[in-house]
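To start, the structure itself, in structure tokens.
The values are calculated or read from the model by the stated rules, or taken from the named source; none is laboratory data. None of these values were measured; they are calculated from a predicted model. Here the Cβ is made from the backbone with ideal geometry for all residues, glycine too, and neighbour counts use every protein chain on show.
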Amino acid sequence: MISPTCIVAEIGINHNGSVELAAELIHAAVWAGADAVKFQKRTVDVVYSQKELARSRESPFGTTNRDLKFGLEFGSSDYEVITKCCAGHGIPWFASAWDVGSVSFLENFNVPCYKVASACITDLSLLHAINDLEKPVIISTGMSTLKQVHEALQMFDRNQPITLLVCTSTYPAEVSELNLSRIHTLMEEFPGATIGYSGHEVGILTTLCAVAMGAEVIERHFTLDSSMWGSDQAASLEPKAFKKLVEEIRTFEEAFGDGELRVLESELPVLEKLRRFK
């Protein structure tokens with residue numbers, strides 16, 4: 001038998017700056033069978049340069065990248081609503097912290113673990129701040145070399161629970177670039193870590209394949225409608241597709257078994273009827 005896969009619905013920024021939409025997404029994720037929901041937290045003026053924020057960019061929030069980034073960012077009152085909503089549904093939430101200030105922010109809500117986004121795996125000050133909290137850490141390895149993953153893990157205490165997620169950081173990701181064999185590479189290189197998969201591809205088959213290859217944690221972006229405005233929507237699963245993925249994973253877990261060759265009780269009548277030489 002294998003342990004149940006932990007399946008995370010990555011709401012991320014698919015709430016489009018609306019805490020009401022975030023609440024709808026939480027409700028839908030629970031319906032779809034997710035084990036947890038995840039958001040993203042940034043201190044915008046720290047994560048992005050002033051030049052980047054001043055760049056022209058049309059969005060529902062205005063005409064600059066600054067308008068967009070601040071429009072998508074939730075504050076304390078929003079996360080209080082999220083915390084209450086998740087508690088009411090009995091589902092935990094956590095977030096990717098993109099900077100040290102966001103780590104401190106999230107600690108106010110006593111999140112159960114911390115996610116390090118692929119973009120942040122080389123931010124050693126961020127990794128150090130997360131390590132100091134002595135909580136489980138989930139690290140996405142998109143855009144990263146094996147050397148960079150090793151260097152990131154050196155920032156954490158040896159007894160700290162670490163989960164490494166295979167990831168391709170394109171939205172949506174091409175199937176030919178998923179390279180699921182990295183799951184086995186990480187298993188061999190980091191035998192003390194839990195290995196999982198963060199998928200940005202269209203569809204669910206390849207994510208199910210990742211579970212069959214040994215991924216113990218699955219993260220997929222989640223949306224109510226993949227045609228909605230937003231940079232991550234097209235790489236996200238809608239509730240029915242997410243629910244189907246959860247059901248298929250649970251079916252696989254049930255079918256996996258223990259590997260022992262034996263005659264099942266249900267097979268005995270067939271054995272008696274069809275086997276001539278016993």
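Find the helices (runs of 4 or more DSSP H) located wholly in the stretch 1-115 whose residues include 1 or more that are under 20 Å from the mean Cα position of the chain (by Cα) and within 21 Å of Leu237 (Cβ to Cβ), and list them.
Working: elements: 19-32, 44-47, 50-54, 65-72, 76-89, 100-107.
Correct list: 19-32, 65-72, 76-89.
The residue list Ser59, Ser18 contains one member that is over 24 Å from Lys135 (Cα atoms), hydroxyl-bearing (Ser, Thr, Tyr) and surrounded by 17 or more Cβ atoms within 10 Å (Cβ to Cβ), which is Ser59.
Filtering the stretch 265-274 for residues that are outside any helix (DSSP H, G or I), loosely packed, with under 10 Cβ neighbours inside 10 Å and of a type in the set (Lys, Arg) leaves an empty set.
Among the residues here, Phe277 does not qualify as assigned to a helix (DSSP H, G or I), out of contact with any Asp or Glu (no Cβ under 8 Å at 6 or more places or on another chain) and among the aromatic types (Phe, Trp, Tyr). Annotation note: Cβ proximity below 7 Å between a residue of the stretch 38-62 that is among the acidic types (Asp, Glu) and a residue that is surrounded by 12 or more Cβ atoms within 10 Å (Cβ to Cβ) (sequence gap 6+ or interchain) occurs for Glu52/Asn65. Scanning the stretch 227-240 for residues that are of a type in the set (S, T, N, Q) and either loosely packed, with under 10 Cβ neighbours inside 10 Å or more than 17 Å from the chain's Cα centre (by Cα) (or both) turns up just one, Ser227. Screening the candidates Val175, Val166 for the property of being exposed (fewer than 14 other Cβ atoms within 10 Å of the Cβ), modelled with pLDDT of 95 or more and β-branched (Val, Ile, Thr) yields one hit, Val175. Name the single residue, out of those in the stretch 241-262 being surrounded by fewer than 12 Cβ atoms within 10 Å (Cβ to Cβ) and touching a residue at least 24 places away in the same chain (Cβ under 8 Å), that is nearest to Ala212 (Cα to Cα). Across the stretch 241-262, the extreme among qualifying residues is Gly257.
Selection of the stretch 148-187 for residues being of a type in the set (A, V, I, L, M), in contact with a Leu (Cβ under 6 Å, 6 or more places away or on another chain) and under 13 Å from Ser198 (Cβ atoms) yields Leu164, Leu186.
Just for the stretch 188-228: of the residues that are polar (S, T, N, Q) and over 27 Å from His150 (Cα atoms), which one is modelled with the highest pLDDT? Don't jump to the end; show me each part of the working.
Initially, the stretch 188-228 is screened for residues polar (S, T, N, Q), giving 194, 198, 206-207, 223, 226-227.
From the residues that got through so far, the ones that are over 27 Å from His150 (Cα atoms) too are 223, 226-227.
Working: Thr223: 98, Ser226: 95, Ser227: 94.
Within the stretch 188-228, the match that is modelled with the highest pLDDT is Thr223.
Within the stretch 234-258, being at pLDDT 95 or above and in contact with a His (Cβ under 9 Å, 6 or more places away or on another chain) holds for Ser236, Leu237. Number of residues in the stretch 179-206 that are in a loop (DSSP other than H, G, I, E, B) and farther than 26 Å from Thr223 by Cα: the value is 5.
Being in a loop (DSSP other than H, G, I, E, B) and surrounded by fewer than 23 Cβ atoms within 10 Å (Cβ to Cβ) is the filter here; which residues of the stretch 122-145 pass it?
Taking the stretch 122-145 first, the residues in a loop (DSSP other than H, G, I, E, B) are 122-123, 132-136, 141-145.
Matches in the stretch 122-145: Thr122, Asp123, Asp132, Leu133, Glu134, Lys135, Pro136, Gly142, Met143, Ser144, Thr145.
Among the residues here, Val100 qualifies as among the β-branched types (Val, Ile, Thr), touching a residue at least 24 places away in the same chain (Cβ under 8 Å) and either crowded, with 21+ Cβ neighbours inside 10 Å or farther than 23 Å from Gly196 by Cα (or both). Looking only at residues of the stretch 104-119 that are in contact with an Asp or Glu (Cβ under 9 Å, 6 or more places away or on another chain) and buried (at least 20 other Cβ atoms within 10 Å of the Cβ), we find that the one that is farthest from Ala34 (Cα to Cα) is Val116.
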